Structure formats: structure tokens, C-alpha cells
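First comes the structure, then the notes that go with it.
The values are calculated or read from the model by the stated rules, or taken from the named source; none is laboratory data. What you see is a predicted model; the values in this text were computed from it and never measured. So basically every Cβ, Gly included, is an ideal-geometry build from the backbone, and we count neighbours across all protein chains shown.
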Amino acid sequence: MSAWGGPRRRIYGVYAAEALFGATLFMAGFPPSPLLLGIAAFLVYFSIPIINGCSQAIWLVKTPPEMQGRVFATRRMIAWSSLPLAYLLAGPLADRVFEPLMAAGGPLAGSVGKLIGAGPGRGIALLYMIFGVFLLGVTLVALLYPPMRRLELEIPDAVPADGRDRVIPSRRRR
């Protein structure tokens, strides 16, 4: 991202990288092979800097400099507040819901198990596939939502592209 600078319309960079991330999560659920898992890991870690870089660039351009600290702190708080919930839910979901569903002779072994295999580790594979499909769906909905797709065009830049700083009214001291 540092060398390339990202796409001209950064929102499309976010969409493309999110779609790649979702497709890669889905791909990671297929029967394991070192090559497939290596490619999946590479693509996941390839897409993350594009998502973060394009998103951060949009926020930097659209947020007035005097508000960036508060806005970015709020963004980070909202994003990171989901991590404890994810950590609390992922293990029990994998161990108590998805692994039993995909165990040999489990309820999904005869249907989904024919596609991705049944047995140890296949429950977490199904969980990855579900997350991948969910992420692809959310990305598609965001792409089809015109206000989000056009936000770079419709929301004015906080600092004009010509490089001149905005005139910020000074506060009078009494």
C-alpha cells in the first residue's frame, strides 16, 4: 500500500479486499492441504493491509484535522470492543456446536460432510466457510448501497485537494 498508494476510489479497494478476504475464509474450509492453507493464509494477510489502508485513507481525508483524535479513538473503541465477544464465542461455538455437527455420523456429516469432509477439525472448517459467506454477503450489500458506494464523491474532503488548509475560525480569548 505504501508503494502503490491504493486504488483511485478507495472504497472499491475496501470492497475488493473484503471480497477476497471472504472468499479466502470460505476456501480455507475445504479439505485441508498444506498448499491450500498456505495460499489462504497469504491471501488473508494480503487483503488486511488493503482494507485497513483504504479505509484509513478515506477517514483521514473526510475527517477535519481538529476532530481526528476523537473520531479515530471512537472508531478503534467500537472495532476493538467486538474482540472480547468474538474470543468468548468462537471456542464454544467451534467445540460445542460445529464440531459435533461435522463429526463422523453427526447431523451434517451426510450432507455438508460430503463436500468438506467429516471428522475432527471439520466443524471449525464449516465455521470458517460460514464466516466467509457472511463476509461476502455483507460486502455485496455494502456495494449495492449507493450512499456507501458513493461516499468518497458525496462527502466533501475536510482538507481541500489543492493542499490549502481550511480556515478554522480562531477563538477569542476574554
For the subset of the stretch 1-12 comprising residues that are surrounded by fewer than 18 Cβ atoms within 10 Å (Cβ to Cβ) and modelled with pLDDT under 95, which member is farthest from the chain's Cα centre (by Cα)?
A3
Quick check: is even one residue across the stretch 27-50 in contact (Cβ under 8 Å) with a residue 40 or more places away in the chain and over 28 Å from G113 (Cα atoms)?
yes
Note on the stretch 13-42: residues over 13 Å from the mean Cα position of the chain (by Cα), under 20 Å from L136 (Cβ atoms) and assigned to a helix (DSSP H, G or I) are F26, M27, A28, L36, L37, I39, A40, A41, F42
Tell me which of these L140 doesn't satisfy, since it passes every other one: (1) under 25 Å from the mean Cα position of the chain (by Cα); (2) at pLDDT 95 or above; (3) not in a helix (DSSP H, G or I).
(3)
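This table checks each residue for (1) loosely packed, with under 12 Cβ neighbours inside 10 Å; (2) touching a Ser or Thr at 6+ places or on another chain (Cβ under 6 Å); (3) aromatic (F, W, Y); (4) closer than 30 Å to N52 by Cβ.
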site: R75; (1), (2), (3), (4): no, no, no, yes
site: L89; (1), (2), (3), (4): yes, no, no, yes
site: L101; (1), (2), (3), (4): no, no, no, no
site: G105; (1), (2), (3), (4): yes, no, no, no
